Structures are given as structure tokens and as C-alpha cells.
Amino acid sequence: MSLEQFKNRNVGTQRYTMLDLGKDPQTPWCKVRQVIRRTFKGDLLVGLWVTMREMFNALFRGNMATLKYPYEKLPISPRYRAIHDMLRLLESGHYRCIGCGLCEKICISNCITMDTRYDENQRKEVSEYTINFGRCIFCGYCAEVCPELAIVHGARYENASEQRASFSLFEDMLTPIDKLNLQKEYPGFGAVSPDADENIKQTPLAY
Amino acid sequence: METTTLVENLPHVTSLGVIIKAIIILAIISALAGFGTYIERKVLAFMQRRLGPMHVGPYGLLQIAADGIKLFTKEDIIPQNANKLIFMVAPIITAATAFIALSSVPVFPDFTIPSWMPIIGDTFVPAIASDLNVGILFVLGMMAAGLYGPLLAGMSQANKWGIIGAARTAVQFLSYEVVTGLSILAPIMLVGSLSFVDFNQYQSGGIGDWIVWKQPVAFILFLIAGFAETNRTPFDLLEHEAEIVSGYATEYSGMRWGMFFIGEYANMITISIIAAVVFLGGYNEASAIGWLTIMLKVAFFFFLMLWVRASWPHIRPDQLMWLCWKVLMPIAVVNILITAIAIMV
């Protein structure tokens, strides 16, 4: 649809479909007939039947829409963007972050603060890493830009806490070392898609 | 002949028995009115596939207690420009007339208090607190007088929504009251009495004797008018939230507001009892089963009101007037004429 067509708001020149509402009654006799037809057509009983059916479905067929939230939770999409997780390497247990600083750089709300230094093996280690969740807009750029899949968005969406710092430190977001076997390879935001291999094309070297 | 012997066999009704009966009615019906709000919330919730109140007590059963505590401890605000006396009295009118109306309908079975009780032993507590020979007239009159509650409340509170609610009260009252009277006139002509006891005896022969088979049109008309009388949903004009905030109850808070609701639910129970006694066979004096069946019938009518509320939309005031004056009243008059001709022939 071109833009001109889209901007045409003149009703009647487009293909609108009118609902079949019948004709308005013209004469008094038509009105009487309409009243009688509506009285004996049973539309009111249809309404009663609908609510009764819904009640039986809800009570006896498990069709209740209510979720008792703190006790029951809906499964969330793996692509949901909640509080970040810091992942570890499965083999060594060391955290994956290499201290490149890309997440800090790309963060559009400037909420990631990190500092790095060389450890005794002359490897970069993260000496300080905090995310200010008062400012984070959960855009997911940090997870997307991370070359090591070290920072990802987790599923922890219940953010109420007494202190803002409660889950904004690197250690809080890092997978606990004793739960390393439970760490799942992140399927969500920023990860390579499962069909990535099929979508890869050769980069044309010459144009 | 048989009725006189039956009356003679009954124990003597003392004033102490009537007082005990009144206390029983007050206590149980106000508790039932509170329980009715719980039932209403639950049924509406189920019909909308929700759970309703769940957290206070098992399945939310103690929600009534929580609501009661809230209503009783809330500040009783009286608006600055309101007519204070009328504003304070109006909810009492609604609640009081609702319970006065209950005084002459059969509510619970009669019994005699066992003689080992200290002061009130051997007292006969009647089924009807005051068995008037014009019971139906009295009940309908009292329920009509109950409309003074919303009317005065709306007009005294210096609030535009309240004024509209009061005006709608008058409109609704003028519309349905004619239909109520005319629709119940046909069964009265059949029975030839205004007493609930006579209605009960007329239909004592079982389901085949129910007046609803002889007067189906009057039954439906009475139901429609009863819905209007108790401000139930298709005719919930007085406090239609979507249009006029809360209508006559806009400025009310705390227990005064609660009294309107106790009155409304007591009226729902009264209308259900009238419909059950007049049209659906009533209670059978002889057995406890009869009282069980009338409670089932009353519960059905109560449920019907909630069911209808979940299903049908409101109508406008002009539609209500159109319905009552142009449709229901002619049908009621024709019904009376046909009944009269059938009785004559």
C-alpha cells in the first residue's frame, strides 16, 4: 500500500465492509415488529447462557484466567529483558567477562560503570562493575554487544528491594560458583540464533 | 373450614415470640446480606473467569469480616453543604424499611423454644413475625417507602451526581411500581387473598399447583419489576457507576454507605421470598423439606439476580420508562383482563 492510499481517509472511497445491522424501523408497525422479534428471539437467554458456560468452564475445566501471582508465575520468554546475569565459563568457572568495556561504551543511559586492571598473570580482570538499575532502560544493547556472551538479560523481573545496590553489583549478577552446573547457555537477547549457521552468507570481497 | 382448624392447632403467638423472631430476622438477614456481597463477588468473578476474593480466610470467606471492619472504622464524612439531618437519616430509611418489609414475609420455619431455657422457654416463635392479612400490600408498600432512602440521600448531599441519582430514583419508582402492583394483582385475584399464608395453602398440592403455571406472564412481569425495585443491574440507574459516579451514594462513606447495601441485599432477599411464595409454591408447613425447598428457591432467585448482572447491560432511564409504561403495563393490564374473564367463566 502506497503512502497516498494510506493517507486517504475519505470514508466511502475505500473498500469498507458494513456490518449487517438490518434496517431501522420506519413505521410504528415496524417498531412493534422489531420489539416482538427481539423479545422472542431469545438474545437475552443467549447472554445468560454465555456467562453460565464461562462459569462452568472456569470452575470445572480449569479455564480460570486468574493467576495467583506471588504463588504462580507465568513462564516468560527467553528473550525477556530483565535484570542482567553475568555468566561463567563452564570449563574453568571463571567469569566470562574479559573487561573489554563495550557494554559500558554502548550503554545509552550510561548506567554501567566498570573498571579493570591487570592481575598477577597480566590478564585483565574486572575490578569494579555495577549497573545502576535506577537508570537502566533494559534496552539490551549491552547483551547484544558483548562478544563473549558474558552479560545477558536474565529472567529476574521482581525488582523490589530495600536497597538499589542489592542486585547491581557484579557478584550479585554473577552465576554462583556452586550453581555453575545449572547455568544455561543463554538463548535470548544478544545470543546467536539457533539457525545462525543457515543464515550466514559469504561476505562478498569484491563489488 | 380446614384453614380454621389449622389456625386453631397452632400455638398462641406471644409478643415475646414476635420479639425473638424480629431479633432472629435482624441478625440472620443482616448476616446474609453481608454474605450476599461475598456471593455476588464470587459469582461475578466466576462468570468473568476470575477467582474473586481469595486471600482473607479460606476461599476469601472472611472477606465479609474484613469489609465490615473497614466500613465500621471508616470516618463518617458529612459534606459541608449537605442537609445534615436528612443526609444522616436517609440510609437508615433504606435499611429500616427493608427489614420492616421482612417482618410480614415468611422467613424461617416456626419453632418452640425448648422449656429448659431460663426465661424464654416454651415460647412459640412464628414463621412470620407479624402475619398480616394484607401481607403482600404491606411488603410492597414498605419496599416502595424504602425508595425514600435514595431519594432523600441524593437530594440532601449537595452533589450533582447525587441529584441525578435522586431524579433517577423518582423516575424508576414511578415506572416500576405500576408494573409490580398490576403484575401481582392477577395471582391475588386467583387466590382471593393478600396473605402469604393463603398463597402458600393455595399452592400446597405440589409443583402442579404452582401459580407460575397459571400466571407465567405475571411471573415474568413481577421478576422484571422486582429487578427494578431492588436496583439490580438491568435497571441499576440510581448508582450507575459508568454514568453518574455512584449516584445517590456518591458522598456516603463508612457505615452509612454500608446501610444502603444492607438494605439493598435485604430487599433482594425479600423480593426473592415474595417471588418464591407467590409464584413458586412457597413453603410447606408440615415438613422441614418445605423450608429447604423455599430456601433453594430464594437462593435461585438471588443467584438469578447475580447471573443477570453478569450477563446483561444497563439500560437508559428513558428505556426503562418506555419499557415499563409502554410495554409492561399494557401487558399486565391485558393479563389481568384475561385472568378476570377466566375466573368469571
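The values are calculated or read from the model by the stated rules, or taken from the named source; none is laboratory data. This is a predicted model, so every value here is computed, not measured. Here Cβ is always computed from backbone atoms with ideal geometry, including for glycine, and neighbour counts include all displayed protein chains.
Points to keep in mind about this one:
- Helices (runs of 4 or more DSSP H) contained entirely in the range A:1-97, each with at least 3 residues that are within 30 Å of the chain's Cα centre (by Cα): A:43-60
- Test: residue in the range A:69-77 that is more than 23 Å from A:Arg135 (Cβ to Cβ), charged (D, E, K, R) and either modelled with pLDDT under 85 or not assigned by TED's automatic domain parsing to the domain that holds A:Gln183 (or both): yes
- For the range A:58-76, the set of residues classified as at the interface with chain B (Cβ under 7 Å from one of its Cβ atoms) and hydroxyl-bearing (Ser, Thr, Tyr) consists of A:Thr66 only.
- With respect to the conditions (1) facing chain B (nearest Cβ under 10 Å); (2) in contact with a helix residue (DSSP H, G or I) (Cβ under 6 Å, 6 or more places away or on another chain); (3) at pLDDT below 85, A:Met55 lacks only one, and its number is (3).
- Residue in the range B:107-123 that is over 22 Å from B:Ser175 (Cβ atoms), assigned to a helix (DSSP H, G or I) and out of contact with any Asp or Glu (no Cβ under 9 Å at 6 or more places or on another chain) present: no
- Condition check for B:Arg49: within 14 Å of chain A (Cβ to nearest Cβ), outside any helix (DSSP H, G or I) and at pLDDT 85 or above: yes
- Test for A:Arg117: is it without any contact (Cβ under 8 Å) to a residue 12 or more places away in the chain, within 14 Å of another protein chain (Cβ to nearest Cβ) and of a type in the set (Lys, Arg): no
- Extreme residue, nearest to B:Phe302 (Cα to Cα), among residues of the range B:52-85 that are of a type in the set (A, V, I, L, M, F, W, C) and assigned to a helix (DSSP H, G or I): B:Ile64
- Residues in the range B:169-194 that are over 21 Å from B:Leu223 (Cβ atoms) and buried (at least 23 other Cβ atoms within 10 Å of the Cβ): 0 in all.
- Members of the range A:125-134 found to be at pLDDT below 85 and either crowded, with 17+ Cβ neighbours inside 10 Å or of a type in the set (D, E, K, R) (or both), listed by number: A:Phe133
- Residue among B:Gly226, B:Gly247 that is buried (at least 24 other Cβ atoms within 10 Å of the Cβ) and at pLDDT below 85: B:Gly247
- Test for B:Lys42: is it buried (at least 16 other Cβ atoms within 10 Å of the Cβ), more than 28 Å from A:Leu67 (Cβ to Cβ) and basic (Lys, Arg): no
- Applying the criterion of at least 1 residues that are over 30 Å from A:Lys73 (Cα atoms) to the strands (runs of 3 or more DSSP E) found wholly in the range A:100-182 leaves A:112-118, A:124-131.
- Restricting the first member to the range B:125-146 and to residues that are free of Cβ contacts under 8 Å to residues at least 60 places away in the same chain, and the second to residues that are outside any helix (DSSP H, G or I), the beta-carbon pairs closer than 8 Å and six or more apart or on different chains are B:Leu137/B:Leu194; B:Phe138/B:Ser104; B:Phe138/B:Leu132.
- Unique match (being exposed (fewer than 10 other Cβ atoms within 10 Å of the Cβ) and closer than 24 Å to B:Leu44 by Cα) among A:Pro28, A:Pro70: A:Pro70
- Identification of helices (runs of 4 or more DSSP H) wholly contained in the range B:228-345 with 1 or more residues that are more than 14 Å from chain A (Cβ to nearest Cβ), over 25 Å from B:Gly192 (Cα atoms) and under 23 Å from the mean Cα position of the chain (by Cα) yields B:241-244, B:254-278, B:288-311, B:317-321.
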